[in-house]
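Data first, discussion second: the structure below is written as structure tokens.
The values are calculated or read from the model by the stated rules, or taken from the named source; none is laboratory data. In this text, all values refer to a predicted model and were calculated from it rather than measured experimentally. Quick reminder, even Gly has a Cβ in these numbers, built from the backbone with ideal geometry, and neighbours come from all protein chains shown.
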Amino acid sequence: MPLFLALVLATGCSSDDDEASDSAQAAASGETGPQGFKLRAEPQELPEVPFTDGDGNPMTFAHFEGQVVVLNVWATWCPPCREEMPTLDRLQAELGSSEFKVVTLSIDQAGVSVVDDFFADIDVQHLTIYIDETGQAARKLDAFGVPTTLLLDREGRELGRLVGEADWHTRAMVEFFREIVERTK
């Protein structure tokens, strides 16, 4: 079992009060968005993170250049991840455009079929399947617990993150992301 997966399992998938959450948010300063979303003082470059779409096509964050991206690192076996997925689907339905995209990146080692089955079970209509079966994406992004959600600017740099479950389709969250889209034009 990869070390990352062992750490995630040991922390119980959500890391609201663990050291990983503190270290992941240590660089954040100043502004805090809804539900504790921490914004960085300056955008941070991210490492190259390869993953695939639901059809097996190779992807990187460069595929979303020009869009503000809500990047949710998750897994089907994580109860908080499963709980928040419908709100991410509704967020994409409301704000998804050429300027904004919700990218849900599964780290399920069992492959696309478990994600596809889960999306069908909860009737996801507006999200695309993205997967990293190796778990390397979570390690490279310092996502030591799932769910971890990063906010990326139009150049693929991290603007901030939230570790743990959230309701992504509240009025406050929608307005927060609208403001970020406008601010980054």
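I need the full set of residues from region 103-162 which are acidic (Asp, Glu), more than 15 Å from the chain's Cα centre (by Cα) and under 17 Å from CYS81 (Cβ atoms), in order please. Scanning region 103-162 gives ASP116, ASP117, ASP121, ASP123, GLU133. PHE177 fulfils the conditions (1) assigned to a strand (DSSP E or B); (2) under 18 Å from GLU31 (Cβ atoms) except for a single criterion, (1).
Return yes when ALA166 is crowded, with 20+ Cβ neighbours inside 10 Å and at pLDDT 95 or above and no when it is not. It is true that ALA166 is crowded, with 20+ Cβ neighbours inside 10 Å and at pLDDT 95 or above.
For region 141-151, a residue qualifies if it is out of contact with any Cys (no Cβ under 9 Å at 6 or more places or on another chain), crowded, with 24+ Cβ neighbours inside 10 Å and either over 15 Å from GLY36 (Cβ atoms) or not hydrophobic (A, V, I, L, M, F, W, C) (or both), and the qualifying residues are ALA143, THR148, THR149.
In the condition set (1) at pLDDT 95 or above; (2) more than 23 Å from TRP77 (Cα to Cα), LYS185 is compliant with all but (1). Being more than 14 Å from GLY164 (Cβ to Cβ) and modelled with pLDDT under 50 is a description that does not apply to ALA20.
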